[in-house]
Amino acid sequence: MIVFTTLVLVTILMLLNRENQIDRFVQVKPLAALSIVVAIAIILAIGGARFWLEAVTNAPALV
Amino acid sequence: MTFMPAPPGIDSQAASTPSTEPFYRRHLVALVVFFAGMGFLAAPWPFETKAHAVMHGLCAQTPSHSFYFQGLVLPFDGRMTGIYGGVLSAFLILLALGRHRAAGLPSSGSLVILLLFVVAMAVDGFNSLLTDLQRWHPYQPSNELRLLTGWMAGVAIGTVVVMLVGMTFWRSPRVSQRVVSHWWLPILMVLPNHSHPTADRNGIAARLLPVFPSCSWRPR
């Protein structure tokens, strides 16, 4: 989750054009909280998509 | 009477001082993590099922490639445990060394080592694939090797992410400071893998360690 959160945070900063404007970690607190939520959503979405694909394609269980 | 406008940023700094911030804003990150964790624990399924479901998109979860703990298969297989462990190890060590503000490329020596780390995982991955396909393979794959090579690749990925943070976050990134300055630093970041309960203490890492005379730590 730390890895996903960091990547999401960097992405959000770049999307908001707020890169290279931070002096201390404390300043990214709200965006870090948002990044955690987005990261969890992405992790769950990928997992859900895999469950869905496995159900649709009747994929055999891994051994 | 003259009016002197406050320099930009003063108001926002005053508003964000810890003493004036409400509780929920001061501990926003901790609260989000807490509620996410509580939500996970409160979900009405067995812990193992929930852990596997949450990690389902991040890892293949092949049982034969996974470690077992008290008879239960762990939600991450050996390689993924290594990759995420390696990334975490790189994060923590580079943070401890103050490299989170560094925006310079790794030194040439460390760059070569990091590339070799990724190549090592690729080689082990293909060897494992060939074994699964029941084709000729150079050596017998093992979960310990998956963990080690995954950890090595994780160190490379973590280094890149830390450098990305150094380049992206800070108002004045330290372009002249290399994120990894010495060739042996990536190898140092692999050493925590050896403290992993599932690590192979007689394997490759154990044989590599004596190469570093300055390292007082030896495998048990």
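Using a 1.4 Å probe on the protein heavy atoms only, what accessible surface does residue A:37 show? Give it in Å² to the nearest 10.
Approximately 80 Å² for this residue.
Just add up the charged neighbours of residue B:177: K/R +1, D/E -1, any other residue whose Cβ is under 12 Å from the Cβ of residue B:177.
Taking every Cβ under 12 Å from that of residue B:177, the sum is +4.
Could you work out how far the C-alpha centroid of the range B:144-185 sits from that of the range A:29-63, in angstrom?
Each part's Cα centre sits 26 Å from the other's.
Take the solvent-accessible surface of the protein heavy atoms, probe 1.4 Å, and return the percent of it on chain A that carbon and sulfur atoms account for.
Carbon-and-sulfur percentage of accessible area, whole number: 73.
At most 15 other Cβ atoms within 10 Å and a DSSP loop assignment: could you name the trypsin sites (Lys or Arg not before Pro) in chain A that fit?
Those satisfying the criteria are A:18, A:24.
Are there residues in the range A:1-46 whose accessible area shrinks by at least 40 Å² when all protein chains are included rather than the chain by itself, and which are they (probe 1.4 Å, ligands and nucleic acids not counted)?
A:2, A:3, A:6, A:10, A:20, A:22, A:23, A:25, A:29, A:33, A:36, A:43
Tell me which residues come under 5 Å, amide H to amide H, from residue B:177 once H is placed; ignore anything under 5 positions away on its chain.
HN-HN under 5 Å from residue B:177: B:103, B:104.
May I ask for the Rg/Rh ratio of chain A, computed from Cα atoms with Rh as the Kirkwood radius, given to two decimals?
Here Rg/Rh amounts to 1.21.
Ignoring ligands, DNA and RNA, how do B:132, B:77 rank by accessible area with a 1.4 Å probe, largest first?
In descending accessible area the options line up as B:132, B:77.
Which value, in Å² and to the nearest 10, is the accessible area of residue B:130 when all protein chains are kept and the probe is 1.4 Å?
The accessible area comes out at roughly 60 Å².
Below 8 Å, C-alpha to C-alpha, sequence gap of six or more: please give me the relative contact order for the range B:76-211 in percent.
42
Would you mind counting up the charge near residue B:167? Only other residues with Cβ under 13 Å from its Cβ, with Lys and Arg at +1 and Asp and Glu at -1.
My count for the surroundings of residue B:167 gives +4.
What is the set of long-range amide H partners of residue B:66 at a cut-off below 5 Å, with H atoms built 1.01 Å from backbone N?
When sequence neighbours closer than 5 places are left aside, the close amide H contacts are B:78.
Using a probe radius of 1.4 Å on heavy atoms only, what accessible surface per residue do you get for the range B:40-162? Whole Å² is fine.
Result: 49 Å² per residue.
Out of the total accessible area of the range B:76-211 (probe 1.4 Å, heavy atoms of protein only), what percent is carbon and sulfur?
69
Do any residues of the range B:54-68 lose at least 10 Å² of accessible area when the full set of protein chains is present rather than just their chain alone, and if so which, with a 1.4 Å probe?
Listed in order, they are B:54, B:56, B:57, B:58, B:60, B:62, B:63, B:64.
Computed on protein heavy atoms with a 1.4 Å probe, what is the summed buried accessible area for the chain pair B and A, in Å² to the nearest 100?
Using a 1.4 Å probe on protein heavy atoms, the buried area is about 2900 Å².
Could you put A:35, B:108 in order of accessible surface area, largest first, with the 1.4 Å probe and the full protein assembly present?
Most to least solvent-accessible, the answer reads B:108, A:35.
Sorted by accessible area with a 1.4 angstrom probe, largest first, how do A:12, A:2 fall?
Sorted by accessible area, descending: A:2, A:12.
Mind grabbing the accessible area of residue B:48 for me, 1.4 Å probe, Å², rounded to tens?
70
The values are calculated or read from the model by the stated rules, or taken from the named source; none is laboratory data. All values derive from a computational prediction rather than experimental measurement. Every residue, glycine among them, receives a Cβ derived from its backbone with ideal geometry; neighbour counts consider all protein chains shown. Ligands, DNA and RNA are stripped out before the accessible areas are found, and what is left, the full protein with its side chains, is counted by its heavy atoms. Shrake-Rupley method; radii C 1.70, N 1.55, O 1.52, S 1.80 Å.
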